[in-house]
Structure formats: C-alpha cells, structure tokens
Amino acid sequence: MRNEEAIPWVLALDDPAATLEQVGGKGASLALLAAAGLPVPPGFHVTTAAYRRFVRENGLQEKILAVVSAVTADQPTSLEEASRKIGRMFAQGSMPAEFATAIRQAYVALGGGDLSVAVRSSATAEDLPELSFAGQQETYLNMRGEAMVLDAIKRCWASLWTARAIGYRARAGIAHEEVSLAVVMQELVLADAAGILFTANPLTGERDQVMINAAWGLGEAIVSGQVTPDTVVVDRASWTITAQQISEKEVMTVCSPEGTSEELVPVGKRMSAVLTGVQAAQLARIGVRIEELYGQPMDIEWTLSHNRFFIVQARPITTLSKTAGSQVTRPPEWKLPKPRGKYIRASVIELLPDPLSPLFATLGLPAWNRAMHRFALAVGMGKVSGDMLTTINGYAFYDFSYRTALMKPKVLTTVAPRLMYTARPRWEQKARPTYKAVVERWEAVKLSRASTAELLVGTREILNTAASYYLTIQSGILPAAYITETIFTIVYEKLLKRRADPSTLSFMLGYDSTPIRAEESLYDLAQWVRTQDDLSTVLQNMSGARFASAYQTAHVDGIDETLWSAFCHRFTAHLAQFGHAIYDLDFSKPVPADDPVVLLETLKFFLSGNAPDPYARQAASKKAREHAMQTMLNRLRGPSRWLFRRLVGIAQRFAPLREDGLADVGLGWPVLRRMLREIGQRLVTSNAITIPDDVFWLTQDELLEAVIALDRGQSPANYHTLVSERHASWESERMLTPPVALPLKGGTRFLGMNFSSVMPARTGQQAGGVLKGFATSPGHVTGKAGVISGPAEFAQMRQGAILVTRITTPAWTPLFALAAGVVTDVGGPLSHGSIVAREYHIPAVLGTGVATERIHNEQTVAVDGDAGTVTLSR
C-alpha cells in the first residue's frame, strides 16, 4: 500500500517528484517540459494524494464503486445516471482544511488575487503511449479567486467519473479502483491564437513534416470542434511552409466573467492566416525540441500571446503509423486487382473524384455494377463478365479489360445506333419518371416511424433506380451529345469554316439547362432580397454558421419574423427544385438540400450588385448563336448548306439535354441521406457510433448486422475505433493523385488502340512551372488560385479567383459566377466544367491530372484557355 502521507498535496510544476503516479499523465508531461526549459506557463500540481484524501475523508470510495459496478458500458442512460450521482457526491463533499490551505498558498505564490488560471484534470491513466484518454476529464479556464479555484478543483476530481470516462475505462478493461486524478493549475495565457501541432504528419505518416492547426482565441474552439482551423505543413529541413489551407474561422473562445464563452471572429480576420511563415517555423522548431525530449512524434497544444508561444500540453501521437524513419505510409503502388487488367478513371468515375466512403464502396458501387449487368442484357449486348467498377487504393476505377458482346460488330452496327436514336424518349418517358416516382414514394414515408430494415430497403431501392437512371443517360443522352458535337466540330472546322466565319462554340451556347436555371433562380431570390434593405444588409454580413442556425430555426435577430419567414420560404423552394444536385456521386457527401450554407457566398455576390445578370448573359449568347447560324446559312449553298444544317441541328438538340440529364442523377440523394442518417442516429443512441454521419464509414455487411440488431432490440457492435481508423485511412488516400489509367505504362492502350487522347485527364504531366491540360474554354486570365476540395470550402472562394479543383459537377455551378477562370484535375472538352465555363465566358483548362497537387491556395496562376496551359508563379 502506498504511503499517501509521504506524498505532498501540492508540488511545483517542474518538481522532480512530479511523477505519473503523483501528478497524472498531463502533469508529468508538463513537469518534464518545464524542467527542460520549454515555454510552459507557470503553475503547480495538486497531487493524486489530495484526491484520495478528499475521497477517503468524505467516505466516497465504496459509494462510487457501488454505483459504477451497476452500470452497463454500452447503455448511455446507465452511464449518465451513474455520472450524475457521483458528481453530486463530489459537489457535496467538504475540502480537508490542511490541503485547502496548501492550495491557497500555492495560488497566492503564483499571483493570487484575481489572477486568471487554467485548472486542468490529469488522470493517472491519461496520455500513456499505448492509450489515448485525451478529453476524458475536464478543464476549466479563466478561474479567478480562491473560491472559484477550489470549486474548479472539486469539479475536476468529479470529472474522473463522467459517463464517457466510466464507459471508456470499462471498454478498455481498466479497473475503476486503480485510477485517481491530479490537477494542474497554471497561469492562463490570454491567447491571441491557439492550436495543435503534430511533429509528424498524422495524415500521411511523413516524419519530415510538422503539421499545425491554428485558430483565433483560446484553443477550446478547436478541441470542441466548433471551428475549422487553418492547417499549415512545415518542412523540417528548410523550416518553410509547403502547404497551407486557410479556413473561414467564424467563432473563437474568449474569456468571460463566468469563465469562457464563444464570440464571432471579426469579419476581417475570418479568412486571414493565423500564423505567419516566421511564426510557423518558430513553433515547428519548438515542437521538434519536444519530440527530441520524448524520443517520439508528439501531439502538442500551444497558445500564442503577444507573439510569444507557450506549450500547454504534449502527448505521444497514438494513431501514427509505426513505419520507421521518415518513410511515407502512402500505398507504394497501384496494385491491379487482376495482374493483366486495364483500369481507367472515366465516365461515371468522373463523378467520384475522392476515395470512396466504405458504405458507398460496398453498397453504392455494387448497385451500379448490377445495373450495368441488367442493362447489357436488356439491350442485347450480352452478358458482362465480372464487375465493371472496382476500387484501387480507395478510388473507383472502370475495369476496361472485360470481354463482352459489346465488341461484336452486331452491337456496334445495330444496338449502339438504336440506343442513340431512342436516347431522349428512354430518358424523358421512362428513366426519369420511374426515378422520380420511387423518390416521391419514400419522401412520403415518416422515417422516424419506419423500422430500421425498412430504411435500408428504401436506401437500396433508390440506389438501384439511380444506377439504372444513370445507365440510361450514359447510354443515350451523354454519348449522343458528345458524338454529335464532336462530329459537327470536325466537319465544320475542316470542311465548312472560313477564316471570317463564327467560332464553333458560337453554335453551342445560349441554351437553357438545369444548372443555368438554378443560377437564375438564386439570382431572382437575390433581386427580391435587394428590395428589402434590412434583410439584404443582414445577409451580406452573415457568417455561414449564423445563416445555418437562422435558416434552421426560422429566426434571426434584427429581422422581422414575417420577412425572414418569406425569405426562408423562397430559399426552400429553390432547394426543393435544385437542391439535389450532387457535388460527388458518393452519398456520404452532402447535397445543397442538406447544407444550404454552400450557396451563401454566391447569394452574397448576387446581392452586392456586382454580379452580371445571368438572363442578359444567356440572351447575349443566344443572340450570338442565332446570328452565327444565319451567317452560315446565308453563305453556304447546296450540299454544304444541307450538311451544316443537319449536323448543327442534331448537336444543338442534344447539347442542353446533357446537363439536364446529369443534374438529376442525385434526385434521390436528399431522402436517401436522410434515411441513412436516421439509421445513424439510432446507432448513436445505441452508442455504436459517435455521430449520425459515422454510418457512412461502415460497410454494407456491418450496416446490415447493425440493422438486424436494432430491430431485435439488441445492442449493435461498437464501431467507434473502426470508424476513427477508416477516417484516418481515407484522409491518407485523399493525399494521393489517382492515375487516369492503370497499369501506369500502357494503361491507355486497348485492343491495339491508344485511348490517351480521350481520357479525362492528361497522363505523364511533366515537372516544372507549366501544367498542360485540355483547352476547353477560350481566353486568358491571371489571378490568385482558389483551391477548393469540396462544398465545405465553398465559402473560401472569392470573386475573381481562379477556381482550382479536382472536378466540377452541376452542383458546382454557383462558384462559376465568382470565378475568373477554371482549372481541374479531371475533365475534357465536353465535360460539365467546359460547358459551363463557356456559358460564363471564362477561360478553362481541364484534365491536368495534378492541378490540386501542384497549385497552392492564393498562388498566382495564368490560365490560357486557348493553348490549354496553366503557368504557375514561383
């Protein structure tokens, strides 16, 4: 038995006696840092002896163990009730006079009076290399005065018995009677900024990089997930920033009379970088010193006050790959599922730019494969051998090496022409009405009353119908548009066009389509808002977080409720018509109907009065098209005139249908996501996952097992660790740039032909400051790059920036109103990005393959939409 009387109740922060047993994991770490001369705020420890003395003198130990012995780790209600009971015991307990005096004396020595301090829990089982207990216990910031400090210590002790901590220890097999708690008290650094530093890149495993997260104010906003911080990557050899992502930091934690509170970040600082290059390098050097002290990669919490850095916590990175040295944990090769296979990223894969979520890979992709098999048989192509869609390193690929009746002359001469001829009626009269009917039927279902199995059945039905819909447009509308425009372009430019004649693009612009109608709808909403002065002013100054809250609650301060309700009604009508447009075919990604905040910046642009009128733009394009038509009809005669009218007429008939067809691929995604998130919420209630969206990180088999358990009233398996691991794996895969074709050598050659010219991205991009892609929309522009990875970053897009992204889909159209040019990894002359860029009259270079890898946010780039090049500034 330990001799508690020999252990002091209070220790200096850097006291050599501050061991894990006496001051807990956090305290021991801070003691080591302070003793090494690192910049740690001054303070002291309240040891585990004080905790045990308090528990013993108030007769709490047996009562606590009796309460926790009755709980079930997988029943949240049981854990919460136990935590409440134990919390009351600590609140009602009295502080022994001897060490209450010792604590007061230490506080006075630190500064006393109204000195603001941070009171942090430090458990004996916390921050061990093999376990991560971070966040299990409480921290209280901005505690002032002796009474407030003593109360905070009691609350820290009680936090050893939060529901989360009790459940975590039970699942980890840690005996409750073996744990105790120390408290670290430090002078509070009134931080201008704060964040977390990793001395190795936690996403890729690279040991030669330091990753820093940074936000304004105290660090609690980052830890609690209330703000998306800036992310900075610093090279440990040169101490320079090699990658930087500036987020919109809408809120920050600040000191308040009660402790801390959240405030809105001043508008001018929201998109400003928190750290300069010099500060990032200085902080990275401190981090490396700490790593050298511990002998392993570290996770470090820091603060910045008046240009001075302070370290408030350091612990080993528990989730980092154990690969030795500075080796990268990225997959070393793109291993082919079939050694002699051919794999490409084209067609529907262009709607899947990122690694797939586990649920889409195992539930969504098979639906597409089944639809392909059904379609091939139905139209007389024969049986497809094997699945046409697969994944490699998390990314979707077409298996282009399959052998089917598709290659038979009969299919090419009979089936293909029939599919082209029937393209429009198959889409308008069958595929879309069928898809819409299935969606409407499930939209009418009260999801909260449906069994979990029914929700899964509905999900599968929508997926199967969506896949069949896509196969219909893929086999008709899309190729008809591509082929007819290509044939017209070739014939016009090679045989019919003279130097003074209109450009080929003139004949294809000015048509109405769903993405254009969506833009006009948002523009109309903005014009109505501009007639309401107060509403217009509030919206133009509204942050994304405030907009989301106001839209959800139908209330916003400073605006008449009737007026705000009218706005919400109009905005909801817009989303009902256009909110199903997908950013990504993977249903784990939100659509505008789920997250309307993504439209806010475009709405603000339309409200500013600086935005071009989309109606006027389309009218001008239509007038130019009609003038071009008349010019050629007046000049051409005989067979040439007939050929021109025939080819341009067919191309113009299909051109607007292509965008309309693609715009409705996600028609069922809003209700499908609601169904899956309803299942997710039920799993959260059962403590199987943390948040509803974690459901997308399960596989189809795991989801089925969970659904069966839920409907039987049983507890599903615990997926918390699995979900966390898959998140980390997905982030690592997202750092890769998937090749357009595999194998890397010869992957674009098939049946003796080279398909590289029709691939949606360049292969073999050369090193250097010039990227080559497809010249898809003419013109030249130089500006700052706005590198956008997805809808979560739409708010970062600024008017006049060059939009740089992996790929665009119809849901990306609102950003084109802000962009001065477009550059993508994937896309060709007839892809969505090309078509919309031409309608907006902005230069575009698509299909570079590596734009998002080689171009940094805010970097100056020159886009040449005539030559198909992007020149990067140094």
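The values are calculated or read from the model by the stated rules, or taken from the named source; none is laboratory data. Nothing here was measured: the structure is a model prediction, and the numbers come from that model. As a convention, Cβ positions derive from the backbone with ideal geometry for all residues, glycine included, and neighbour counts pool all protein chains shown. Side chains are part of the model used for accessible areas, which takes the heavy atoms of the whole protein and leaves out ligands, DNA and RNA. Shrake-Rupley method; radii C 1.70, N 1.55, O 1.52, S 1.80 Å.
Over the range 549-686, accessible surface divided per residue gives 42 Å², non-protein components excluded, 1.4 Å probe. Could you pull out the pairs from 622/772; 604/772; 446/589; 269/604 whose alpha carbons sit more than 25 Å apart here? Violating the 25 Å Cα-Cα cut-off are 622/772; 604/772.
Order of 687-696, 609-618 by packing, highest average Cβ count within 10 Å first? Show your work: numbers first, answer last.
Numbers: 687-696: 20.4, 609-618: 14.3.
Packing proxy ranking, top to bottom: 687-696, 609-618.
Axis of helix 720-734 versus longest Cα principal axis of the chain: the two differ by about 50°, to the nearest ten degrees. Helix 146-158 and the long axis of the chain differ in direction by around 70°, with both axes built from C-alpha atoms. Per residue, the range 333-372 exposes 35 Å² of solvent-accessible protein surface, assessed with a 1.4 angstrom probe and all protein chains in place. For the chain, the mean residue ellipticity at 222 nm estimated from helices alone is -13000 deg cm²/dmol, where every DSSP H run of n ≥ 4 contributes -39500 (n - 2.57) and the total is divided by all residues, rounded to the nearest 500.
The mean of 1/r over all pairs of different alpha-carbon atoms in the chain, once inverted, gives a Kirkwood hydrodynamic radius of 30.4 Å.
For residue 240 and residue 770, the FRET efficiency from 1/(1 + (r/R0)^6), where r spans their Cβ atoms and R0 equals 35 Å, is about 0.95. For helix 432-443, what angle does its Cα long axis make with the longest principal axis of the chain, in degrees from 0 to 90 and rounded to 10? Helix 432-443 sits roughly 20 degrees off the main axis of the chain. Rounded to a whole number, what % of the accessible area of the chain do carbon and sulfur atoms account for, probe 1.4 Å? Solvent-exposed carbon and sulfur of the chain make up 53 percent of the total.
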